[in-house]
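Working notes, beginning with the structure itself.
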Amino acid sequence: MLQSKKIFMVLALAVMLLISMSGLAQMSPKPAPVDTVIKNGTILTVTHGVIHNGSILIRNGKIAEVGQSVTVPPGAVVIDATGKFVMPGIIDSHSHLALDSDVNEATSPVTPHMMMLDAFDYTDKAIYHTLAGGVTTSLLLHGSANMIGGQAVIIKHKFGLDRDELLFPNAPRSIKFASGENPKRVYGGRNQLPSTRMGNFAVQRAALQEAREYMRDWDAYDEKVKKGDKDAKAPKRDLKLEALADILRGKLMVQIHCYRADEFLNEMAMAKEFGYKIRAFHHGLEVYKVADKVAAEYVGLATFADWWGYKHEAWDAIPWNAVMSMRKGVTVSIKSDSNDFARRLNQEAAKTMRYGGATEEEALKMITLNAAWILGIDDRVGSIEVGKDADITIWNNHPLSSYGRVEKTLIDGTVFFDSSLPGLGLPFWHGGAMSGAGGFGNDDGEVR
């Protein structure tokens with residue numbers, strides 16, 4: 001009997017090894033079918049209302065047709081969505097997944113030359129877990145220990161592919177700023193500047209002034225070269241100042257971790273002083289107090305639905321913030337800042353219907369098109385429209401319902417998550433993409 005058990009265990013291990021090796025052999029993606037049709041679903045387009053019994057034709061990774069009647073080309077793969085809901089892939093406008101403990105370079109309050117791409121672990125299972133929640137794109141940000149942190153990276157959740165295939169192609173560049181308690185706590189605890197809010201802004205202003213002077217020196221050199229001065233000496237290249245100069249040149253979108261109303265006004269005043277644009281305030285729990293002023297500067301808001309009270313500057317938060325700010329003209333997204341929240345952003349968005357009376361379309365925009373705008377990619381993703389990337393999720397129930405569950409997640413027309421396929425306790429390799437049941441992620445390591 002003991003011998004039989006040993007033989008069985010050896011055979012079981014051999015089978016598992018073969019499955020594993022087979023999976024590894026398929027890590028490179030196979031070409032997606034040229035044409036795919038998602039048929040007879042309730043399509044939540046986000047921008048053009050609801051299409052009942054609608055279909056979507058996907059060709060070469062793009063949405064080619066949308067409507068109640070679309071062309072079904074010969075040989076096309078057909079996905080039957082009868083009785084199901086179809087919506088754009090969810091976009092997380094503030095995430096730290098796949099960055100591990102490398103999310104903060106807390107050795108200096110100004111580190112704009114840090115690249116989150118250099119810390120990106122494309123094999124992190126959290127990328128796959130969020131596919132099970134319908135997330136197809138995330139903005140991976142530096143943490144909030146620094147007044148001016150590192151440069152972000154935008155990824156598509158093509159888990160199982162090579163690193164560069166997860167990077168959102170030709171995405172705009174973003175950089176993370178942070179004001180408030182975090183920088184002053186991190187550096188003040190070391191008896192280092194900044195240790196107060198006024199110290200925070202002094203450090204930020206000094207860094208931007210240094211960048212302004214760096215640009216001036218390079219402009220003067222370029223002018224000499226244009227005039228034929230062969231003796232002109234180029235200033236020394238400085239990666240830190242070059243990154244700061246790109247902020248002033250408008251080449252980096254500024255995403256700011258910020259909580260209090262007075263700090264929103266300070267940040268917007270400094271942006272005017274130095275001539276750059278703020279893309280969005282992140283967290284922004286008091287935007288409702290000055291929403292008209294934030295909207296007037298075309299600054300967006302990436303916020304929590306109802307997370308507050310975890311530190312002093314979060315005490316004045318209210319769950320009506322998102323909708324109140326939206327009604328004043330602010331482009332609002334609901335974001336995760338947590339691997340756990342990222343798997344249920346659909347439910348977080350649904351809370352805005354309870355707190356503030358957002359419509360279904362408005363709630364969906366907060367995790368799709370509005371989030372895409374904050375990332376600068378709304379011309380590519382965030383709604384189901386002809387010409388956009390075929391980043392699409394199929395749900396068994398309405399995605400704003402607590403009963404809603406993702407059945408399939410497609411990115412660029414390829415299925416990367418399918419709840420109907422076996423998981424064997426772990427995600428199962430299937431044609432170069434991942435399929436299986438989602439698991440549980442870990443909260444990020446950001447200094448909130």
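Readers should treat all values here as calculations from the given coordinates under stated rules, not as data from a laboratory. Everything numeric here is computed off the predicted structure, so don't read it as measured data. Note: ideal-geometry Cβ built from the backbone for every residue, glycine included; neighbour counts use all protein chains shown.
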Any chance you could run the full-extension gain for ASP262 through LYS224? It's 0.36 nm times the residue separation minus the Cα-Cα distance, nm to one decimal. 9.3 nm
For the range 115-250, count the residues as N, evaluate 2.2 N^0.38 Å, and divide the Cα radius of gyration by that value, please. 1.37
Using Stokes-Einstein with the Kirkwood hydrodynamic radius over Cα pairs, what translational diffusion coefficient do you get for the range 347-403 at 25 °C and a viscosity of 0.890 mPa s, in µm²/s rounded to a whole number? 202
Value of [θ]222 nm, deg cm²/dmol, for the chain, DSSP H segments ≥ 4, -39500 (n - 2.57) each, nearest 500: -9000 deg cm²/dmol
Full-extension gain in nm, LYS293 to ARG190, via 0.36 nm per residue minus C-alpha separation: 33.5 nm
Sort the following peptides by mean Cβ neighbour count (other Cβ atoms within 10 Å, averaged over residues), highest first: 250-258, 226-234. 250-258, 226-234
Folded to 0 to 90 degrees: helix 197-226 orientation relative to the chain principal axis, Cα: 80
0 to 90° range, to nearest 10: angle between helix 2-25 axis and the chain longest Cα axis: 60
Taking the Cα centre of the chain as the origin, how large is its charge dipole in debye, to the nearest 20, when only Lys and Arg (+1) and Asp and Glu (-1) carry charge on their Cβ atoms? 140
Take the alpha-carbon centre of the range 96-140, take the same for the range 147-170, and report the distance between them in whole Å. 8
Taking the mean number of other Cβ atoms within 10 Å as a proxy for protection, how do you rank 186-196, 137-147 from highest to lowest? 137-147, 186-196
Counting every C-alpha pair in the range 219-358, the percent lying more than 28 Å apart is 33
Nearest 10 degrees, 0 to 90: what angle lies between the long axis of helix 261-274 and the longest principal axis of the chain (Cα atoms)? 70
How are the C-alpha pair distances of the range 200-298 spread across 10 Å bins, as whole percents from the shortest bin up? 14, 39, 26, 13, 7, 1
Rule-of-thumb check for the range 125-184: C-alpha Rg over 2.2 N^0.38 Å? 1.32
Compute the Rg to Rh ratio over the chain from the alpha carbon atoms, using the Kirkwood formula for Rh, and round to two decimal places. 1.03
